[in-house]
Structure formats: C-alpha cells, structure tokens
Amino acid sequence: MLRNTLLYLSSQPRVFKFVRNNSLAKQFASRFVAGETVTEALAAVRELNARGITASLDLLGESVYTETEARAARDEYLQLLDRIREARLDANVSVKLTAMGLDIDHELCVSIMQDILTRAQQYDTFVRIDMEASSYTDLTIKLFEDRLYPPYKANVGIVLQSYLYRTFADVQHMNALQARVRICKGAYKEPPSVAYPDKKDVDANYVKCMNELMLKGHYPGIATHDPAIILEAKRWADEQHIARDRFEFQMLYGVRRDLQDKLVKEGYRVRCYVPFGTQWYPYLMRRLAERPANVVFITGNVIREALHGNA
C-alpha cells in the first residue's frame, strides 16, 4: 500500500511544486540527489572519484512535450559531457529517451541521441540509455538495436529490469549482440500481466539475469544494494572464474555508501549513479517506493525540525 501511494505521489505535479519549496524535503533529497546544477553534480562526482568510485550522471527529467524542450535537454547533455571532460572526471552519463523527444517524434529522438553519442564517441566516453515504464520497453530496445547501437557500439549501453517477465530473453538477446547491459530490479508501477508482483520472484529473476550477463555478457553493470545478491555475484564470479574487471557493481548516490566503500576495498569496480537537476521530486518518490523504510528517516527529521521550532 505504501509503495503504491508513493508511486502515485511521484506523478503529481502539484505535490512536486509544494515539496520543492519545502526546506526539509530539499534537505532530505540532498542525500539522494546531487543538487540542481551541473556544478553541484560535478562536485559530487569529484568526491566519489576520490573514494575510488566512478560515476554516471543522470540529468533528472522524463517526458518533454515540444521539440524545443527536447533540443534543450540535448544541449544540457552536450554541455554535461563537455564539463566532465574539462574536469577530467571518471564519469559517464545516463539518458532517458522520453527526455530526448521520444513521445514527440521517434526520428527527432534518434537525431538527438546521435548528437549526444557523437560527442561521447569524440571523447571516448559512454552513454547509458535508461529503461522506463514497460510501455516503452519494446520501442527502447528497437531504437537501441536498430539505430543507436550499430554505429556507436563502444559508446552506448542499455538498462534491463528484472521485474519484467520478458527480461531474461532480452538479456540473452543483448548478450548475442555483445551490448553493455545494466541490470536493475525496476522502479515503476507495473501490472501483474507484464511484471512479477512478488519481490522474491523479482529477486530470483534478477539473479538469473545477472549470472547470464556475468558469464556471457559484455561488461555488465550489476545495479543492486541487496547484500544477498551482491554475495551471490561474488560467489558466481569466483565459481566461474570471472575476473573482477569484467563487470562492475552499480549503486545509487547516497544509498549504502558503506557498502560502496567496502566493495572498492575488496578490489571490485563500483559505479555510482548521480542524479541531479530541478526535477528531483519524482525520482525521490520512486526511491522511497523501492525502500519504504526510508520514510522513517524523513519522518524522524520532521519531528526533529518541529522540536527545534523550525517547522
């Protein structure tokens, strides 16, 4: 019930307007979102790099409704790639196709992504295409496979979500292409007709997909904070003699920082997804929905602020 409520609230613009002007909410969000500007995001990446952690920067925002907005989002990503290179940071970028005009015109979206990927190719860096709600899965994979991956194989990868029934078949398909895949559990509200409703089944499918990617894939990103799954990844790598430089663990900014540092000390590669931008509210609500225990954290701060007379 709480998860469904949080996912519903994530799509309410009126709530976002209220929350964005609330100092407490912004303070809480700062744990999971690296500010609203590129400069703030780059500062967060610099700190991560100092800890031996690479990064993937994600400019928050999903569907745009005009070509002008889509091209503005493209320009922000081009600037972001420029700034990463200028600062000599160990980071790449993550992109949502709906933010690049997918809902306006498919050819516009492809053209914009080609601009971004050409810049990434010029800088010998990498762009990860995020997976969104299941209604976009077929189209995202088709555009990736037909239009974006062939000319930019070294510079683009995709995300797959283990809560969808179809994902293991998609993993096998991407392995055949030798495309780079990030495997995650998924953070959108999906019907039981397309997604596993029970967490245990999502986790089991995650491990199945993860093992296949580690064994046959091309440098997969293992995106999880689950200690049991991380332990299984380590066990599988040892059993199958998979070198630690053939995959990387990926975690979200502000989540399990202790575990991130522990993995680095053990010699594993770790990448942190660093979201930033003004559209942080929907992202934050989905993170809370993934782990409702985070609500306890923000509730405690509400009480503390009230007790100090700052509410």
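Spin-label model, GLU266/ASP124: points 7 Å from Cα along the beta carbon direction are separated by 3.1 nm.
Could you give the size of the charge dipole of the range 34-276 about its Cα centre, using +1 on the Cβ of each K and R and -1 on the Cβ of each D and E, expressed in debye and rounded to the nearest 20? The partial results should precede the final answer.
Details: 32 positive and 37 negative charges, 176 e Å.
With only Lys, Arg, Asp and Glu charged at Cβ, the dipole is about 840 debye.
Summarising the amide proton neighbourhood of SER162: residues at separation of 5 or more, or on other chains, whose placed amide H is nearer than 5 Å comprise CYS184, LYS185, GLY186.
Evaluating 6.51 cos²θ - 1.76 cosθ + 1.60 at θ = phi - 60° for every residue in the range 200-208, the Karplus couplings come out as 4, 6, 4, 5, 5, 5, 4, 4, 4 Hz, glycine and proline recorded as x. For LYS199, put the label point 7 Å out on the Cα→Cβ axis and report which residues of the range 223-249 keep their amide N under 20 Å from it. Under cut-off, by backbone N: 223-233. In this label model, GLN240 and LYS216 are separated by 1.0 nm, measuring between points 7 Å along each Cα→Cβ vector. So, R0 is 51 Å and r is the distance between the beta-carbons of ALA72 and PHE168; what FRET efficiency does that work out to, to 0.05? For R0 = 51 Å, the calculated efficiency reads 0.85.
Summarising the overall dimensions of the range 96-252 from its C-alpha atoms, the Rg and Dmax are 15.6, 47 angstrom. When the range 34-276 is described by a simple charge dipole with +1 on each Lys and Arg Cβ and -1 on each Asp and Glu Cβ, the residue from ASN211, ILE141, CYS109 located farthest towards its positive end is ASN211. Taking 7 Å steps out from each Cα toward its Cβ at GLU107 and ARG31 produces label points 4.8 nm apart.
Rule-based calculations on the coordinates, nothing more; no lab input. Just so you know, these numbers come straight off a predicted model, no measurement behind them. Please note: Cβ atoms are built from the backbone with ideal geometry, for glycine as well, and neighbour counts cover all protein chains shown.
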